[in-house]
Each structure stands twice: as C-alpha cells, then as structure tokens.
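Encoded as structure tokens, the structure appears first; notes follow it.
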Amino acid sequence: MNFIVITIFPEMFAPLLEHGIVRKGIQKEKISVQAVNIRDFAEGRHKMTDDRPYGGGCGMVMKPEPLAKAIKASQKRFPFSKTILLTPQGRVFNQGLAQEFVSLKEIIFVCGRYEGIDERICSNLIDDEVSIGDFVLTGGELAAMVIIDAVTRLVPGILGGEDSTEKDSFSDGLIEHAHFTRPRVFEGMNVPEVLLSGDHKEIENWRLETSLIRTFLKKPDLLENRAFNSNELEILKKWCKSVEKIIHTQSVSGPDALSGGQ
Ligand code: 4GY
C-alpha cells in the first residue's frame, strides 16, 4: 500500500516513518509513505504557496496552481489512487473507514494549511473529504499521520499476531476486554482469577462478557445497530434476567420499602 502526502511540511513525516509499526511496514515493503513538497511545484523567486483571500479578511489561502500541479503529478504517478482532503468538513474517520482504506492500493492525502485551500481544488481534484474529529488543526499533516498509522496496522503481514487486529477495540463493534500482565498482585490489586485458571473457554467467555459490559457502559451507541451472535445474546439475556430479578424484588416490596424509609 502506498501513501502519498501532499504538504508544505514534508519533514513533519520523518518521525512517523522512524518508529514502530509504520517503520516495520516500510522495512517489510508492505507500505510506503512519500511526502510531496508543494513548494517544489511553485513558481517564481519566492516559491509562494499561499496568497491573500479574494473578498478580503484575515489569513491566507493556499494558491491553486502549485497545489493542483502537485496533486496532478501524484495522480499521474499513482493511477489507482484515491485523493483525500483532510478537513474538519469531511466524514469523520473511524475503524470502519480504516478498514475501507486498507483495501486501497494508493491513497493521496492533501494537507491544507492557513485558512484553507482554494475551492476550485476541492471541486475538481479531490475524491473524498475526511476529518479526524470535530476540532481544527493548524494543518492536515497530523490528521494524515493519524490515518496512516491506523490503516498501516491493518495491512496484513505487519503486526506480529496475524489475528491480533481482529480482536481490537471496535473491530467487531465492541470495546476490547481488559488486559493484565505480571505481577499477579500490583499495588494491592489482583488479576481476575479466571485468567489464571487456564480454562480457555471460560477465559473467552469472560473476555466477551467484559467487552459487552464496557461497551454498554462507555459507548452504548455501538450496541444499537449491531448484530449479536448467539454467545452474545446469551450474555445479554443473562443480564436481563438479573435486572428483572432486581426489579421484581423491588416491586414485591414496593418502591423505597427496602431502604428502611430513608
Ligand atoms: N480536524 N481532520 C483536520 C483539520 C486543518 C486549514 C484545512 C481535521 O482532518 N483535518 O483540522 N485540518 C485545516 C487547516 C485548512 C485543514
């Protein structure tokens, strides 16, 4: 998979390429990341990439000519690419989009700076607009890095355990279960007994149940449009029965009856 990033700050990408999984992906030739400097396509002695906005107002706008040249050159070199503008106006990036992107051969990220890019770039050269969240950065570069990072770890053959991303938070629409490692007791807190039992079926059940509980408590919206398998339904029904039992006890005695009139 090839990532191409169009930016006026190509040096910003060096640290991303030098560490961890992204570096490993590059070493294993599973991915490549190439920063294209917009300034290399700018004309004149000053190689300007920005200009004052028509209609007045503060701040600068990215000039269309050098940006268009940089995008067109990249699209010509990577004919299967999808060109994505990083902007708070785009659809919000999530794990589902990461999975969609990992099936692409080439992605060109366009990173804006200043107040934004000339509108005529958006309408002709951009295939898609993506945001990493509802906040405003000073440029698209960090957003591009966030997406490259999240997509790279899904590329087959980079992460150690092939199936470890399948067990991630969100990959099956649930938050991940808790993790524990040695020591057995840390600052007075124990590791759950079931994880020490060696009973793999029980451990799987415990992990699924804690995933469901955590999702229900922290991100209940994830459960609303999700198809549950039979194991998951069993767990939800078990909770239902427990809750019904609690309510039943209350209704037999009447509200507030058990609190001793407090
Ligand atoms: N949020 N998600 C984001 C952003 C900066 C001015 C247009 C975001 O993706 N990108 O805030 N980008 C702006 C800066 C030009 C992009």
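General remarks:
- Strands (runs of 3 or more DSSP E) wholly inside region 56-141 that include at least 2 residues being β-branched (Val, Ile, Thr): 82-92, 106-111
- Only one of the numbered conditions (1) among the β-branched types (Val, Ile, Thr); (2) surrounded by 12 or more Cβ atoms within 10 Å (Cβ to Cβ); (3) within 15 Å of the ligand (Cβ to nearest atom) is not met by VAL102, and that is (3).
- Once region 188-237 is narrowed to residues that are touching a Gly at 6+ places or on another chain (Cβ under 9 Å) and open to solvent by less than 60 Å² (accessible area, probe 1.4 Å), the residue that is farthest from ILE175 (Cα to Cα) is ARG226.
- Candidates GLY59, GLY96, GLY44, GLY55 - the one that is surrounded by fewer than 16 Cβ atoms within 10 Å (Cβ to Cβ) and within 16 Å of the ligand (Cβ to nearest atom): GLY59
- Yes/no for LEU86 being out of contact with any Lys or Arg (no Cβ under 9 Å at 6 or more places or on another chain) and within 16 Å of the ligand (Cβ to nearest atom): yes
- Residue count for region 62-81, restricted to those that are within 16 Å of the ligand (Cβ to nearest atom) and of a type outside the set (A, V, I, L, M): 3
- Here GLU141 does not qualify as open to solvent by less than 20 Å² (accessible area, probe 1.4 Å), away from the ligand (no atom under 16 Å from the Cβ), charged (D, E, K, R) and within 30 Å of PHE9 (Cα to Cα).
- Selection of region 99-128 for residues being within 15 Å of the chain's Cα centre (by Cα) and touching a residue at least 40 places away in the same chain (Cβ under 8 Å) yields GLN99, PHE101, VAL102.
- Meets criteria (open to solvent by 70 Å² or more (accessible area, probe 1.4 Å) and either closer than 30 Å to ILE21 by Cα or of a type outside the set (Asp, Glu) (or both)) for ASP149: yes
The values are calculated or read from the model by the stated rules, or taken from the named source; none is laboratory data. Since the model is a prediction, treat every value here as computed from it, not as a measurement. Ideal geometry is used to build each Cβ from the backbone, glycine not excepted, and the neighbour counts take in all protein chains shown. Each accessible area value is taken on the protein alone, full model and side chains, heavy atoms only, with ligands, DNA and RNA left out. Shrake-Rupley method; radii C 1.70, N 1.55, O 1.52, S 1.80 Å.
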